[in-house]
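Trainee: Supplied in structure tokens, the structure appears directly below.
What follows is calculated from the coordinates using simple rules that are stated; it is not laboratory data. For clarity, every value in this text was computed on a predicted model and none was experimentally measured. Cβ: placed from backbone, ideal geometry, glycine included. Neighbour counts: every protein chain shown.
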Amino acid sequence: MPILRLALPCPLRRLFDYLPPAGVDVARLRPGQRLQVPFGRRQSLGLLVEIAARSALPAHQLRAASAVLDAQPVLDEALLKLVLWAADYYQHPVGDALFHALPVLMRQGPLRVAEAVHWRLTERGMGLPAGALQRAPRQAQALAALQAADSVSLEALVAQDIAPAILKALADKGLAERFHAAAPAVSAAPAAPRKLQAELVLNAEQAGALAAVNAALGRYACLLLEGVTGSGKTEVYLQAIAEVLRRGQRALVLVPEIGLTPQTLARFRARLGCEVAVLHSGLSDRERLAAWQCAADGEAGVVIGTRSAVFTPLAGLGLVIVDEEHDASYKAQDGFRYSARDLAIKRAADAGCPVLLGTATPSLESLNNALGGRYQHLRLRERAGGALAPRMRVLDIRGQVDQAGLSDGLLAAMAATLGRGEQVLAFINRRGFSPALQCSDCGWLAECAHCDARLTVHAAARRLRCHHCGHQQALPGACPTCASPALDFRGPGTERCEQVLAAHFPRVPVLRIDRDSTQRKGSLERYLAQIQRGEPCILVGTQMLAKGHHFPAVTLVAVLDADGGLFSADYRATERMGQTLMQVAGRAGRAERPGEVIVQSRSPDHPLLEVLLADGYNAFARVLLGERRQLGLPPFCHLALLRAEARSLSEAEDFLVTLREQATADGAALEAAGVRLTGPLPAPMARRAGRYRAQLALQSRSRGRLNQVLGALCALAERAPTRRDLRWAVDVDPVEW
Ligand code: ADP
Ligand code: ZN
Ligand code: ZN
């Protein structure tokens, strides 16, 4: 009897063996199909991974699966392979990884799946000649209906007056079987416009990049397209995709979480004469399923989406594009902690097609790969369409910023810009009024009761909020420790900056754009429309403003504080600061008017800041790479964390200490494997939402060894007796250490 090896959505790093459901012909089963199976005392979904000849379990312990849910695999062969690879690479429970790759509605139990009941013939039923079962005319009628198609929905059968009882009679004879099929797609995507926008004439650098991509079509290659903001990377993507479509293939485009603006989407739809399926976190589960099926059914020529879109089925994949490849949102921060960029590269390699990583500010990993010749390095150094690069300068603000973080020099520059009828963008990566509230008499600081973090003041709402766990409380009128009314706001957030600027420039609209001000649906679009009108105004905003948008009338970009990234304990902070700064700077002067970027700093002579502003991101990134090489940090080693979280720090640490001791019982083996263990140490923010977090770090120059040792640790952790409220997880290639 063949054995079905299934992955179940559970935290165990293994497959489960089942017998086929009664009456189901194993020859018709394919890996990637979902089944319903008994699991303990309940029913669970399972995904068929392979069909094996025998099981390690004795026969009497094997249970039979209950039903087959899909007529076709929901994960095709390529995706199944990709996710299995990822589960191993990230040492994540295989069932959880596989179900994560499916749209939410497909992960839920069969009863909640938006599904239809279908019927089809079994092998035996198909063996019957037309006109069989003459002695049971109603069964003969049902048989004829099933013979007419691969499968027929119950609804359609009932409409032909075929009662469920008749179908049941056929099933009892082993002639027909019922199964569940997901509801057919309702195409969410509007049809492509009939008249397509014309392609732009590429400049020489763009043409070179396009030629390189086109030359790579039909085989695997990884190309890093490093092009300054406004250099026309998107135009290169569009023309490369057009070529892929002409060859009858399809393209997958990944964009960061906040980079998928309506503008970007409109541009793709206006240019490509095919269905564009869009997948992002703003969709309802139904819309997501529909877009997913539109891609799976081959209707969409292009799939464009955020992180999890890397798991969209797409036959005939001819090109993968990862826009803003450096963006941290590609790495999942909880659950299945995969990097969509890295999986996109793997997917392209499996499919034998090129992958194009585009960015103005490459991640150090990608840059290192390009410099080492593993990636083809394409560069666009000039802005397209004649726009000039912005001038960048640092403004020394030692001892001269007000409470909103604005220096006189900056205010004067803003006044001049507004006086010319142009727009100003002030970037400050902190929402709220002020990041801290402190008593000036006793020094009390408002801190979150559940996290190692300060509470942020939200003045308009008169609340204190924790940006890490969501806790909030009323803004106190006096110090809770000494009752002094002298409470001070320490430092600025967007709200405060907005207020001060509005007072300073009473005749100019000040638009604050952050997660708080754009919560209501459509508000961001309204702000963007106002900015597009081009009248003088000041935009105050966070990261949300830094990406994807095109603000032709903005000619001054002010970065209120660049110092946080220069003096952080997190080794990636400097890299991120450089990237964010260049992205924001890229908003300046995207049209015919030249732009200026002013960066306020209390350490204007910092060598890294000087290199960044004077020589640009690439030079800055090379200096950082040199530092990383010296310190043996990624990308010059591979890093993984084993994280544990519990109700007390000691519980979390003890768990990791035990694992470490068990793993290093044979210390020589570990050393021979070339894997260094550090910790356990408290995580950067040890207490968060009332839970304490500790982590054990693994470093190695060998990816394979790291994976091996990590696998061994996971096996130990799975067997370790743990308190019920202890949770542990693995983070391979973490972005936060
Ligand atoms: P990026 O993606 O690198 O930031 P975009 O592709 O958005 O750059 O291009 C920036 C601007 O330059 C857009 O307004 C685009 O229409 C324009 N542009 C791009 N390529 C060309 C070209 N070859 N000729 C004229 N304008 C161009
Ligand atoms: Zn006090
Ligand atoms: Zn909190």
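Trainee: Taking the Cα centre as origin and putting +1 on Lys and Arg beta-carbons and -1 on Asp and Glu beta-carbons, what dipole magnitude results for the chain, to the nearest 20 debye? Numbers along the way, then the final one.
Mentor: Details: 86 positive and 71 negative charges, 243 e Å.
The dipole of the chain has a size of about 1160 debye.
Trainee: If you check each cysteine of the chain for another cysteine whose beta-carbon is under 4.7 Å away, which ones come up empty?
Mentor: Cys10, Cys222, Cys274, Cys294, Cys353, Cys469, Cys497, Cys537, Cys637, Cys714
Trainee: ³J(HN,Hα) across region 536-544 via Karplus (A = 6.51, B = -1.76, C = 1.60, θ = phi - 60°), whole Hz, x for Gly/Pro?
Mentor: Karplus values, whole Hz, x for Gly and Pro: x, 6, 10, 9, 10, x, 9, 2, 3.
Trainee: Using only alpha-carbon positions, what ratio does the radius of gyration of region 19-117 give when scaled by 2.2 N^0.38 Å?
Mentor: Values: Rg = 13.7 Å, N = 99, 2.2 N^0.38 = 12.6 Å.
With N residues counted in region 19-117, Rg over 2.2 N^0.38 Å equals 1.08.
Trainee: Starting from the exponent 0.38 and prefactor 2.2 Å, build the expected Rg for the chain from its residue count and divide its actual Cα Rg by it. All intermediate terms of the calculation are to be shown ahead of the outcome.
Mentor: Values: Rg = 29.2 Å, N = 737, 2.2 N^0.38 = 27.0 Å.
Cα Rg divided by the expected 2.2 N^0.38 Å: 1.08.
Trainee: Search the structure for amide H atoms under 5 Å from the amide H of Ala436, placed 1.01 Å from N in the peptide plane, and list their residues when 5 or more places away or on another chain.
Mentor: Val457, Arg490
Trainee: Starting from 0 in steps of 5 Å, tell me what percent of the Cα-Cα pairs of region 20-69 lands in each bin.
Mentor: 5, 19, 29, 30, 16, 2
Trainee: I would also like to ask the following. On a 0 to 90° scale, report how tilted helix 617-631 is relative to the longest principal axis of the chain, with both axes built from alpha carbons and the result rounded to the nearest 10.
Mentor: 80
Trainee: Kirkwood Rh, Cα Rg: Rg to Rh for region 374-441?
Mentor: Taking Rh as the inverse mean 1/r over Cα pairs, Rg/Rh reads 1.13.
Trainee: With no solvent and one equal point scatterer per Cα, compute the Debye intensity ratio I(q)/I(0) for region 533-597 at 0.12 Å⁻¹ and report its log10, rounded to two decimals.
Mentor: With no solvent term, the Cα-only Debye profile gives -0.33.
Trainee: Among Gly352, His458, Ala415, whose Cα lies farthest out toward the positive end of the dipole of the chain, if unit charges sit on the beta carbon of Lys, Arg (+1) and Asp, Glu (-1)?
Mentor: Gly352
Trainee: Loop only by DSSP, 13 or fewer other Cβ within 10 Å of the Cβ. Give me the chymotrypsin sites (Phe, Trp or Tyr not before Pro) in region 545-635 that pass, ordered by residue number.
Mentor: Values: sites: Phe567, Tyr571, Tyr617, Phe620; in loops: Phe567, Tyr571.
Hits after loop and neighbour filter: Phe567.
Trainee: Same structure, new question: For the residue pair Cys442 and Thr722, what label-to-label distance in nm results when each label sits 7 Å from Cα along the Cα-to-beta-carbon direction?
Mentor: 4.0
Trainee: Between Ala215 and Arg379, what is the spin-label point distance in nm, taking each point 7 Å from the Cα along the Cα→C-beta axis?
Mentor: Result for the modelled spin labels: 1.8 nm.
Trainee: Further question on the same structure: What list of ³J(HN,Hα) couplings, whole Hz, do you get for region 14-23 from phi and the Karplus terms 6.51, -1.76, 1.60, once you set θ to phi - 60° and write x for glycine and proline?
Mentor: Each residue's phi maps through the Karplus curve to give 7, 9, 10, 8, 9, 8, x, x, 4, x Hz.
Trainee: So what J values fall out for region 378-388 if you push phi through Karplus, 6.51 cos²θ - 1.76 cosθ + 1.60 with θ = phi - 60°, rounded to Hz, Gly and Pro as x?
Mentor: Running phi through 6.51 cos²θ - 1.76 cosθ + 1.60 with θ = phi - 60° gives 10, 10, 10, 8, 10, 6, 7, x, x, 5, 8 Hz.
Trainee: Further, regarding this structure: Give the residue list of trypsin sites (Lys or Arg not before Pro) in region 242-294 that are DSSP loop and have at most 16 other beta-carbon atoms within 10 angstrom.
Mentor: Details: sites: Arg246, Arg247, Arg250, Arg267, Arg269, Arg271, Arg286, Arg288; in loops: Arg247.
Qualifying residues, ordered by number: Arg247.
Trainee: Next question, about the same structure. To test your reading of the geometry: what angle, between 0 and 90 degrees and rounded to tens, separates the Cα axis of helix 649-664 from the longest principal axis of the chain?
Mentor: On a 0 to 90 degree scale, this one is about 60.
Trainee: Separate question: Using only alpha carbon pairs under 8 Å that are at least six residues apart, calculate the relative contact order of region 555-616 and give it in whole percent. Before the final figure, lay out each step's value.
Mentor: Values: 63 pairs, mean separation 28.0, N = 62.
Relative contact order here is 45 percent.
Trainee: Still on this structure, please answer the following. Going by how many other Cβ atoms sit within 10 Å of their own, how do Lys346, Lys168, Lys547, Lys521 line up, fewest first? Walk me through the intermediate numbers first.
Mentor: Numbers: Lys346 19, Lys168 12, Lys547 24, Lys521 8.
Going from sparsest to densest Cβ surroundings: Lys521, Lys168, Lys346, Lys547.
Trainee: Ok, one more. Given the C-alpha centroids of region 567-597 and region 300-319, what is the distance between them in whole angstrom?
Mentor: Each part's Cα centre sits 30 Å from the other's.
Trainee: Only four residue types carry charge here, +1 at the Cβ of Lys and Arg and -1 at the Cβ of Asp and Glu. Report the dipole size of region 638-709 about the Cα centre in Debye, rounded to the nearest 20.
Mentor: Numbers: 11 positive and 7 negative charges, 86 e Å.
Dipole size: approximately 420 debye.
Trainee: Compute the long axis of helix 285-296 from its Cα atoms, compare it with the longest principal axis of the Cα atoms of the chain, and write down the angle in degrees, 0 to 90, nearest 10.
Mentor: Once rounded, one gets 70 degrees.
Trainee: Related question: Please sort by residue number the trypsin sites (Lys or Arg not before Pro) in region 390-421 whose DSSP state is loop and whose Cβ has at most 13 other Cβ atoms within 10 Å.
Mentor: Working: sites: Arg391, Arg393, Arg398, Arg420; in loops: Arg398, Arg420.
Sparse-neighbourhood loop trypsin sites (Lys or Arg not before Pro): Arg398, Arg420.
Trainee: For region 533-683, take N as its residue count and report Rg(C-alpha) divided by 2.2 N^0.38 Å. Don't skip to the answer; put the middle values down first.
Mentor: Working: Rg = 21.8 Å, N = 151, 2.2 N^0.38 = 14.8 Å.
Dividing the Cα Rg of region 533-683 by 2.2 N^0.38 Å gives 1.47.
Trainee: State the Cα centre-to-centre distance between region 366-418 and region 601-654 in whole Å.
Mentor: 21
Trainee: If I take R0 = 30 Å and measure r between the Cβ atoms of Gln141 and Asp350 in this structure, what FRET efficiency does the formula 1/(1 + (r/R0)^6) give, to the nearest 0.05? The partial results should precede the final answer.
Mentor: On the way: r = 47 Å, r/R0 = 1.56.
Calculated value: 0.05.
Trainee: Considering all projection directions equally, how large on average is the shadow of the alpha-carbon convex hull of region 331-429, in square nanometres?
Mentor: For the Cα atoms of region 331-429, the hull's average projected area reads 11.6 nm².
Trainee: When 1/r is averaged over all different Cα pairs and the result inverted, which Kirkwood radius in Å belongs to region 206-351?
Mentor: Details: mean 1/r = 0.0650 Å⁻¹.
The Cα-based Kirkwood calculation yields 15.4 Å.
Trainee: If the reach is capped at under 29 angstrom between alpha carbons, list the lysines near Lys521, excluding any in the same chain fewer than eight residues apart.
Mentor: Leaving aside lysines fewer than 8 places away in the same chain, those within reach of Lys521 are Lys331, Lys547.
Trainee: Which of the lysines could be linked to Lys168 by a straight reach, that is with a Cα gap under 19 Å, when you skip same-chain ones fewer than 8 residues away?
Mentor: none
Trainee: Tell me the Rg and the Dmax, in Å, that the Cα atoms of region 323-386 produce.
Mentor: 13.4, 45
Trainee: What value, in deg cm²/dmol to 500, does the helix sum -39500 (n - 2.57) over DSSP H runs of n ≥ 4 give at 222 nm once divided by the residues of the chain?
Mentor: -9500 deg cm²/dmol
Trainee: In terms of modelled amide H atoms, which long-range or inter-chain residues lie less than 5 Å from the amide H of Gln376?
Mentor: Cys222, Leu223, Leu224
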